[in-house]
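Read through the structure below, which is laid out as structure tokens, and then see the notes.
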């Protein structure tokens, strides 16, 4: 081997070892620097895409959109009234609980976000949303849709964040089965992203008696997800010698996700 | 030579930006065109070992910065068996390995037979993805290999390979503009015949 090639190889290996020994906070800093460097390109790319889509929509569906807009405006006004009433009731409820010295019930605020990109990486089940640190979004916050739990926030930038979906193996959720004492850990399955990706509910008791269609909810334990959020329904149960495992059909249709909600504060 | 090296480095960086806008083909088992790997593999066969290693390092480092997942989080008493992620920096070694593989057939490329390099691009991407999946399996345990995963790897390799002639054409154009020769023997042979 030529001396120059040998020196280059040694430098390369030294650099690789340096990279491999970085700790999580340092890796996060590197990722933040990388994304801030390419952020102008991402922003202009997204803006271009949005403009192109808006133009096409305008050309093809301007009348339909006008009708839809009026409908949405009407619905929004109605929801604003309901929200106002809900906030008043929540405040009143909180005051009453306080007066009765009850433990504070779970309360949370949400930020609506739009999914801008799906599966930006090869192996991980992630999506990118158009809200980030500027909207007070932080890492590990739960992400919901109107159907149930979608996943949790992974990497946060100023104006966008990545969300690791419930269908990914790495997104683990402490879960309970409705109408039974069974609790376990729910997660996605490796390489199962065709059709409706089924979830695995592991570490159930050996003699777990569950039936198809029973609903699965978050327990609220573990400090990541608020309690009683719908995760899915039991599809089948596989009994093992030490514990049982159930196959769960997710409540959320991950193929049709448009708008999601990031839970900003969650008190157990 | 330096100009060509700098332009290849710039091409790799541009590939990172473009990769952000290349979605996965959900109808084709979530396959995608791996533009960064493609540009690196095509460039690796046209440069010397030190430059190839520099490109491999830049690609691996930035790829992990782009694709790495954060820590699992949560109470360790509840989530007692967290799912491990691949360590930051593993791609540096994978890119280095792929680069050496491409350099193995550099003599053929220099004779002007770029078609073999184009074919090897597909094989290298297949090996890269297989190695990545094997590492995930090793770190997380449980050997799970579904038909969907195999098809995803195969189609991704094939799609990426299909675009390699375009990248080679771009590299040949750049080398001509930089007056840098990347196909010595092929040129010599042509001169001998005429």
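Odds and ends about this structure:
- Residue match in region A:74-84 (condition: farther than 30 Å from residue B:137 by Cβ and either not assigned by TED's automatic domain parsing to the domain that holds residue A:33 or not in a helix (DSSP H, G or I) (or both)): no
- If the condition is being closer than 22 Å to residue A:256 by Cβ and part of a strand (DSSP E or B), then region A:180-216 contributes A:186, A:187, A:199, A:215, A:216.
- Extreme residue, surrounded by the fewest Cβ atoms within 10 Å (Cβ to Cβ), among residues of region B:25-36 that are assigned to a helix (DSSP H, G or I) and in contact with a helix residue (DSSP H, G or I) (Cβ under 7 Å, 6 or more places away or on another chain): B:28
Conditions (1) touching a strand residue (DSSP E or B) at 6+ places or on another chain (Cβ under 7 Å); (2) closer than 30 Å to residue A:41 by Cβ, marked per residue:
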site: A:133; (1), (2): yes, yes
site: A:141; (1), (2): yes, yes
site: A:160; (1), (2): yes, yes
site: A:177; (1), (2): yes, no
site: A:185; (1), (2): yes, no
site: A:191; (1), (2): no, no
site: A:196; (1), (2): yes, no
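- Selection count, region A:176-224, where residues are in contact (Cβ under 8 Å) with a residue 60 or more places away in the chain and over 30 Å from residue B:151 (Cβ atoms): 5
- Of the residues making up region A:1-23, those that are in a helix (DSSP H, G or I), loosely packed, with under 14 Cβ neighbours inside 10 Å and more than 7 Å from chain B (Cβ to nearest Cβ) are A:3, A:6, A:7, A:10, A:14, A:17, A:18.
- Restricting A:26, A:37 to residues that are free of Cβ contacts under 8 Å to residues at least 40 places away in the same chain, surrounded by 12 or more Cβ atoms within 10 Å (Cβ to Cβ), more than 8 Å from chain B (Cβ to nearest Cβ) and under 19 Å from residue B:13 (Cα atoms) narrows the list to A:37.
- For the residues B:22, B:69, B:62, B:54, the requirement of being at the interface with chain A (Cβ under 9 Å from one of its Cβ atoms) and in a loop (DSSP other than H, G, I, E, B) singles out B:69.
- Answer from A:35, A:55 - the residue that is outside the structural domain of residue A:114 (by TED's automatic domain parsing), in a helix (DSSP H, G or I) and either farther than 30 Å from residue A:117 by Cβ or in contact with a helix residue (DSSP H, G or I) (Cβ under 9 Å, 6 or more places away or on another chain) (or both): A:35
- In the set (1) within 17 Å of the chain's Cα centre (by Cα); (2) surrounded by fewer than 24 Cβ atoms within 10 Å (Cβ to Cβ); (3) more than 8 Å from chain B (Cβ to nearest Cβ); (4) modelled with pLDDT of 90 or more, the condition left unmet by residue A:183 is number (1).
- Among (1) modelled with pLDDT of 90 or more; (2) exposed (fewer than 14 other Cβ atoms within 10 Å of the Cβ); (3) over 16 Å from residue B:121 (Cβ atoms) - the single one residue B:166 does not satisfy: (3)
- Candidate set from region B:83-101 (those that are within 8 Å of another protein chain (Cβ to nearest Cβ) and not in a helix (DSSP H, G or I)); member that is nearest to the chain's Cα centre (by Cα): B:89
- Condition check for residue A:174: surrounded by fewer than 17 Cβ atoms within 10 Å (Cβ to Cβ), assigned by TED's automatic domain parsing to the domain that holds residue A:128 and assigned to a strand (DSSP E or B): no
- On inspection, residue B:153 qualifies as farther than 14 Å from residue B:46 by Cα, surrounded by 14 or more Cβ atoms within 10 Å (Cβ to Cβ) and either modelled with pLDDT of 95 or more or within 14 Å of chain A (Cβ to nearest Cβ) (or both).
- Restricting the first member to region B:36-51 and to residues that are free of Cβ contacts under 8 Å to residues at least 12 places away in the same chain, and the second to residues that are surrounded by fewer than 24 Cβ atoms within 10 Å (Cβ to Cβ) and assigned to a helix (DSSP H, G or I), the beta-carbon pairs closer than 7 Å and six or more apart or on different chains are B:50/A:4; B:50/A:5; B:50/A:8.
- Flag if residue A:149 is closer than 27 Å to residue A:109 by Cβ and touching a strand residue (DSSP E or B) at 6+ places or on another chain (Cβ under 7 Å): yes
- Matching entry among B:139, B:167, B:150 (being part of a helix (DSSP H, G or I) and touching a helix residue (DSSP H, G or I) at 6+ places or on another chain (Cβ under 8 Å)): B:167
- Per the listing A:222, A:138, the residue uniquely at positive phi and assigned to a loop (DSSP other than H, G, I, E, B) is A:222.
- So residue B:40, is it within 17 Å of the chain's Cα centre (by Cα), over 30 Å from residue A:218 (Cβ atoms) and more than 9 Å from chain A (Cβ to nearest Cβ): yes
- The single condition from (1) at pLDDT below 90; (2) in contact with a helix residue (DSSP H, G or I) (Cβ under 9 Å, 6 or more places away or on another chain); (3) in a helix (DSSP H, G or I) that residue B:145 fails is (3).
- Residue match in region B:72-82 (condition: in contact with a helix residue (DSSP H, G or I) (Cβ under 6 Å, 6 or more places away or on another chain) and either surrounded by 15 or more Cβ atoms within 10 Å (Cβ to Cβ) or within 14 Å of chain A (Cβ to nearest Cβ) (or both)): no
- Residue match in region A:225-236 (condition: surrounded by fewer than 19 Cβ atoms within 10 Å (Cβ to Cβ) and over 20 Å from the mean Cα position of the chain (by Cα)): yes
The values are calculated or read from the model by the stated rules, or taken from the named source; none is laboratory data. The shown structure was predicted, so the numbers you read here are calculated from the model rather than taken from an experiment. Every residue, glycine among them, receives a Cβ derived from its backbone with ideal geometry; neighbour counts consider all protein chains shown.
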